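Below is one structure; the comments refer to it alone.
The values are calculated or read from the model by the stated rules, or taken from the named source; none is laboratory data. These figures come from a predicted structure and were not determined experimentally. We place every Cβ from the backbone using ideal geometry, glycine too, and count neighbours over all the protein chains shown. Accessible surface is based on the protein model in full, side chains and every heavy atom, while ligands, DNA and RNA are left aside. Shrake-Rupley method; radii C 1.70, N 1.55, O 1.52, S 1.80 Å.
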Amino acid sequence: MSIDLSALLQEKVGGALNNFASSQLGESPSMASKAVSQILPALLGKLAGQTGDASRMTQLFNLVTGPQVDSTLVDIEPSLLDKGRQWLSLLFGDSAGLTNLLAGRTGLSADKTGTLMAAALPMLLGVLRSQVQTGKLTQPQFVSLLSGQRGLLDRVLGSDLATALGLGAVAAAAPVAAEARPAAAPVTPPPVRAVTPAPASGGWMKWLWLALAALAALLLLKFCGQKPVDTTAPASAASAESVVVAPAEPASVPASEPAVVAPMASEPAMPATTAASETGAAMTADTTASAAATTDLAADASAVKYENEVLSFYFATGKTDVDKMAADAVSADIVALGKEGKTLVVSGYNDPRGNKAMNEELSKNRAKAVKAYLVEQGVPEGKIELRKPTETDGQSGSLAQDRRVDVKAE
């Protein structure tokens, strides 16, 4: 049975938020309690409504398990409100619509509702962190925990608000789809028609036709044996060859194989001669290779992750922009080591498609962008070393992994 996180939140942090709404926002105890009882499950519901978005869930899990989230919060300070506002933007984008929606439900002004949301989100994430640590949850288990709140939240919030948060429609769609799926109808083979052979041609005419056919075959063989061999392959032969070399099975084509993936429009442009040869190679490849590459690039977006003492910045194809808000959520440990005097080694990668020289420049620019971010965070520039990666492009087997910059402390 799934844990009721809404009830757990009220138990763990509801009292502190009620006091904050009363003492800092000037609301009556009853109004404060009503507002908190709506805002906490609504924020939880907004997170649960995003469980189908893998990149959002990775971002949320990294934040919850990173050093910025505190599972022991009891007081709401101005610095906590600043974090809350940043995280509202990070996780929900423009939260103005959610703020106005909850303001109408709670009876508070939009400004007070936004402030209470900023106070509630860090405390909510702290409770989620405690659940992850206590249960030693992996990311899939964490996502499953959030997804399991849908039905519980629908009863707490009401179906209208749950639907507005992306819960009702998604939760209802799965059972309907399952029920609407018809059972496979048994396939009845078509009746076999008896073939009545044509009446045999009688008499000498049958033997005459057979003799003529044998004579024609002998003449054809004699003609082919005397004809000189033409060393120039006709155009139709080239076409047949391209069909023969195409992979017959989708599984035999690696998703990241550079020889069969057509260059993406957003990747750095290749010189004309290189582009022509790459395009020619792609044209002889099976179309399933393109489908595999598209699957690998489904998460073609910027992200930041801290794992095993390595801070990794992931970039979209052809881009060098650092996702600073995502980095702020997970970079504190590496930044602290740099400020303490450790050397931060920055290595930039690029995926193997396109022109090699241009891709090397792209990886350098990504590393420089990460270095600039670290300097902005207070790491001395002399403690940041740009170093060429030891592994070559394409070794990871994932284009998204190849488009990254790693930061390690030495």
Considering the stretch 68-90 alone, what residues qualify as being outside any helix (DSSP H, G or I) and under 9 Å from Ala118 (Cβ atoms)?
-> none
Of all residues in the stretch 3-32 being under 34 Å from the mean Cα position of the chain (by Cα) and of a type in the set (S, T, N, Q), which is farthest from Ala48 (Cα to Cα)?
-> Gln10
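Take Leu108 and decide whether it is touching an Asp or Glu at 6+ places or on another chain (Cβ under 8 Å) and either assigned to a loop (DSSP other than H, G, I, E, B) or within 25 Å of Gly26 (Cα to Cα) (or both). So that I can check it myself, show each step before the final result.
Working: touching an Asp or Glu at 6+ places or on another chain (Cβ under 8 Å): yes; either assigned to a loop (DSSP other than H, G, I, E, B) or within 25 Å of Gly26 (Cα to Cα) (or both): yes.
So Leu108 passes the test.
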Conditions (1) touching a strand residue (DSSP E or B) at 6+ places or on another chain (Cβ under 7 Å); (2) open to solvent by less than 60 Å² (accessible area, probe 1.4 Å); (3) hydroxyl-bearing (Ser, Thr, Tyr) -> Ser71 fails only (1)
Does the stretch 346-356 contain any residue that is of a type in the set (Lys, Arg) and touching an Asp or Glu at 6+ places or on another chain (Cβ under 7 Å)?
-> yes
Check on Arg56, out of contact with any strand residue (DSSP E or B) (no Cβ under 8 Å at 6 or more places or on another chain), part of a helix (DSSP H, G or I), open to solvent by 20 Å² or more (accessible area, probe 1.4 Å) and within 22 Å of Glu307 (Cα to Cα) = yes
How many residues of the stretch 130-157 are basic (Lys, Arg), open to solvent by 40 Å² or more (accessible area, probe 1.4 Å) and outside any loop (DSSP other than H, G, I, E, B)? The answer is 1
Matching residues, the stretch 91-105, being open to solvent by 10 Å² or more (accessible area, probe 1.4 Å) and either in contact (Cβ under 8 Å) with a residue 40 or more places away in the chain or not in a helix (DSSP H, G or I) (or both) = Phe92, Gly93, Asp94, Ser95, Leu98, Leu101, Arg105
Is it true that some residue in the stretch 11-33 is surrounded by fewer than 19 Cβ atoms within 10 Å (Cβ to Cβ), of a type outside the set (Asp, Glu) and in contact with a strand residue (DSSP E or B) (Cβ under 9 Å, 6 or more places away or on another chain)?
-> no
Give me the pairs, please: first residue somewhere in the stretch 1-27 and in a helix (DSSP H, G or I), second residue anywhere and at pLDDT below 90 and surrounded by fewer than 18 Cβ atoms within 10 Å (Cβ to Cβ), beta-carbon distance under 7 Å, and either six or more positions apart or on two chains.
-> Ala16/Val74
